[in-house]
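Here's the structure we're looking at; comments come further down.
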Amino acid sequence: MDTRQTPQPAQAQVALSPQEEAALLAQQARRRRARLRFTLAVFAGLAMMGWLAGQLLVPDMPTPVLSAKPAPSAPALATRWASLVPMQRSYESDSLVAGDSLAALLARAGIDGVEADAALDVLRTQFDPRKLKVGQKVRVFSEWPNNIATDNTAENDTKRFAGFDFIPEPRQRLIVRRTGHLDFDVVKQDRPLSERFFFTDTLISSSVYEAARGGGMSPNLVVELIRLFSFSIDFQRDMREGDQLEVLFTRRFDENNQLAEEGDIIFAALTNRGKRYAYWRLAHDDGTHSYYDDAGRSVQRLLMKTPVDGARLSSRFGMRRHPILGYTRLHRGLDFAAPRGTPIYAAGDGQIVALGRNGDFGKYIRIRHRNGYETAYAHMNGYARRLKKGARVKQGQVIGYVGSTGLATGPHLHYEVLRHKKPVNPRDLEVPAQRSLADAGLEKLRTAQSAIGSRINALATDDNRLLSLPRRSANAAR
Ligand SMILES: [Zn+2]
């Protein structure tokens with residue numbers, strides 16, 4: 001190999017003394033520092049030249065004058081602007097349809113996208129427009145100067161978008177209004193509602209539902225009415241033509257006499273096969289309310305009669321031939337046929353003591369209630385979400401859904417009531433009231449009863465007296 005290919009510097013081969021080595025290192029350090037000083041000086045020089053060039057070549061610019069006086073605020077400008085140009089306004093109403101949005105509605109109304117966005121941005125500071133539901137009415141306003149005679153047509157180019165408003169809940173109106181060029185503000189306005197009382201007194205010819213609807217009650221209120229009586233009356237078994245329904249209920253109206261909100265049932269009585277079931281609404285100090293009978297027993301019983309809505313009783317309690325097994329045995333509960341997925345309610349307040357597959361019962365739940373009662377629910381399609389063994393449930397809470405798991409011919413709920421572990425017929429059961437009023441409570445009930453009684457007397461007209469059965473006594477409402 002040729003050794004010249006790797007020439008070595010001559011001094012590297014010379015061994016240096018420690019003093020010479022130190023001197024050499026110091027010399028190298030001095031050179032590095034000198035190079036750095038030179039580089040910095042060059043940069044500084046260039047920067048200086050640049051600044052001088054800027055000062056000399058760029059013409060004078062007006063320097064901003066700082067002032068302690070604040071700029072006029074947007075509302076102040078708006079007021080000034082509004083006072084200069086008095087405006088006329090008009091509006092068009094539209095409603096949200098399925099898959100719609102407020103932005104789409106504004107676009108439909110012909111509002112410029114930039115203006116609509118500005119208005120919506122302001123709205124979002126107070127309200128999330130995604131919360132609006134299908135059917136929500138919105139009024140879109142336009143305005144134009146007062147001095148311009150307009151025939152109110154869309155082609156009028158002096159017209160401009162003035163904002164919009166809507167009523168997201170009965171007691172509130174939200175107004176987004178224009179305050180200047182692309183400036184909007186949002187105002188929440190309380191709507192005072194006045195409550196009015198209505199009284200209906202009718203004979204039932206087909207169903208309680210139809211009688212109540214005929215009496216002017218909203219569908220939701222009728223559902224409440226039926227729930228109220230469902231503790232004491234079995235609508236599938238007990239109703240008879242000629243039964244009588246009396247209901248005092250409220251509705252709430254806005255300042256324009258428009259119905260704003262359904263109210264409450266204040267009093268309800270159902271005369272079923274000559275027996276009168278009457279309940280009065282009583283507000284409690286904690287803000288809740290219950291309905292009580294004349295003796296001060298709450299209408300809510302410990303257990304509901306039917307823990308599923310819209311079901312048909314398909315098998316009774318007692319001995320029967322089993323539809324699948326073929327032999328006769330005791331049917332320890334009631335079967336309610338209902339479409340798969342129909343919600344099943346907890347019949348009463350209690351604690352879940354069993355939840356899971358249980359042989360022929362399929363998916364199964366058992367709840368322990370007060371006074372030694374238990375209820376069981378079988379053949380469920382599934383359980384309500386996050387429901388576990390040991391959980392506390394409220395009366396009427398959805399615990400699962402109708403299905404046909406286990407040994408079942410079709411979707412139905414098998415429902416059992418046990419008293420001290422022994423199955424009893426839910427239909428023959430006299431379940432105690434959920435609560436009973438004591439002295440002070442009873443006194444409050446009497447006061448409420450007399451107020452309700454005089455209200456009914458004031459409302460009862462000759463018309464509905466004709467329709468009703470002969471009154472049993474002068475204070476029939478009591
Ligand atoms: Zn059954």
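The values are calculated or read from the model by the stated rules, or taken from the named source; none is laboratory data. In this text, all values refer to a predicted model and were calculated from it rather than measured experimentally. Neighbour counts are summed over all protein chains in view; Cβ atoms, including those assigned to glycine, are modelled from backbone coordinates with ideal geometry.
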(message) Here is a check on your reading of the model: is ARG329 surrounded by fewer than 20 Cβ atoms within 10 Å (Cβ to Cβ) and in contact (Cβ under 8 Å) with a residue 60 or more places away in the chain?
(response) no
(request) Mind listing just one residue for me: the one in region 395-412 that is more than 14 Å from ALA337 (Cα to Cα) and within 15 Å of the ligand (Cβ to nearest atom) and, of those, modelled with the lowest pLDDT? (result) LEU407
(request) Go through (1) within 16 Å of the ligand (Cβ to nearest atom); (2) over 22 Å from VAL417 (Cα atoms) one by one and return the number of the condition ARG273 breaks. (result) (1)
(request) Within region 173-207, track down each residue that is of a type outside the set (Lys, Arg) and within 26 Å of ALA451 (Cα to Cα). (result) PRO192, LEU193, SER194, GLU195, PHE197, PHE198, PHE199, THR200, ASP201, THR202, LEU203
(request) Evaluate the following for PHE253: is it in contact with a helix residue (DSSP H, G or I) (Cβ under 8 Å, 6 or more places away or on another chain), more than 30 Å from LEU429 (Cα to Cα), at pLDDT 90 or above and not small (Gly, Ala, Ser)? (result) no
(request) Among the numbered conditions (1) crowded, with 16+ Cβ neighbours inside 10 Å; (2) assigned by TED's automatic domain parsing to the domain that holds ARG273; (3) of a type in the set (Ser, Thr, Tyr), tell me where SER205 comes up short. (result) (1)
(request) Read through the list (1) in a loop (DSSP other than H, G, I, E, B); (2) at negative phi; (3) within 16 Å of the ligand (Cβ to nearest atom), then give the number of the only condition that LYS388 fails. (result) (3)
(request) Please find, among ARG370, ARG386, ARG357, the residue that is closer than 18 Å to ARG301 by Cβ and either of a type in the set (A, V, I, L, M) or surrounded by fewer than 18 Cβ atoms within 10 Å (Cβ to Cβ) (or both). (result) ARG370
(message) Can you confirm whether GLU443 is of a type outside the set (S, T, N, Q), more than 16 Å from the ligand (Cβ to nearest atom) and not in a helix (DSSP H, G or I)?
(response) no
(request) Take region 365-385 and flag every residue that is basic (Lys, Arg) and away from the ligand (no atom under 16 Å from the Cβ). (result) ARG368, ARG370, ARG385
(request) Could you check THR306 against (1) in the same structural domain as ARG455 (by TED's automatic domain parsing); (2) within 31 Å of the chain's Cα centre (by Cα); (3) under 21 Å from MET239 (Cβ atoms) and say which number it fails? (result) (1)
(message) So, in region 296-320, exactly how many residues are away from the ligand (no atom under 16 Å from the Cβ) and farther than 17 Å from ASN371 by Cβ?
(response) 4
(request) Look through region 309-336, keep the residues that are of a type in the set (A, V, I, L, M, F, W, C) and at pLDDT 90 or above, and return whichever of them is farthest from the chain's Cα centre (by Cα). (result) LEU334
(message) Among the numbered criteria (1) over 36 Å from the mean Cα position of the chain (by Cα); (2) within 16 Å of the ligand (Cβ to nearest atom), which one does LEU429 miss?
(response) (2)
(request) Please work out if LYS363 is of a type in the set (Lys, Arg) and either surrounded by 15 or more Cβ atoms within 10 Å (Cβ to Cβ) or closer than 27 Å to LEU228 by Cα (or both). (result) yes
(request) Residue by residue through region 342-364, note down the ones that are touching a Lys or Arg at 6+ places or on another chain (Cβ under 9 Å) and within 16 Å of the ligand (Cβ to nearest atom). (result) ALA347, ASN358, LYS363, TYR364
(message) Which of the numbered conditions does GLU261 fail, given that it passes all the others? Conditions: (1) assigned to a strand (DSSP E or B); (2) farther than 23 Å from ASN457 by Cβ; (3) more than 25 Å from the chain's Cα centre (by Cα).
(response) (3)
(message) All but one of (1) in a strand (DSSP E or B); (2) assigned by TED's automatic domain parsing to the domain that holds ILE233 hold for ASP335; state the number of the condition that does not hold.
(response) (2)
(message) Six or more apart or on different chains, Cβ atoms under 9 Å: show the pairs whose first residue is in region 332-344 and closer than 16 Å to LYS363 by Cα and whose second is more than 16 Å from the ligand (Cβ to nearest atom) and hydroxyl-bearing (Ser, Thr, Tyr).
(response) ARG340/TYR401; GLY341/TYR401; THR342/TYR401; PRO343/TYR401; ILE344/TYR401
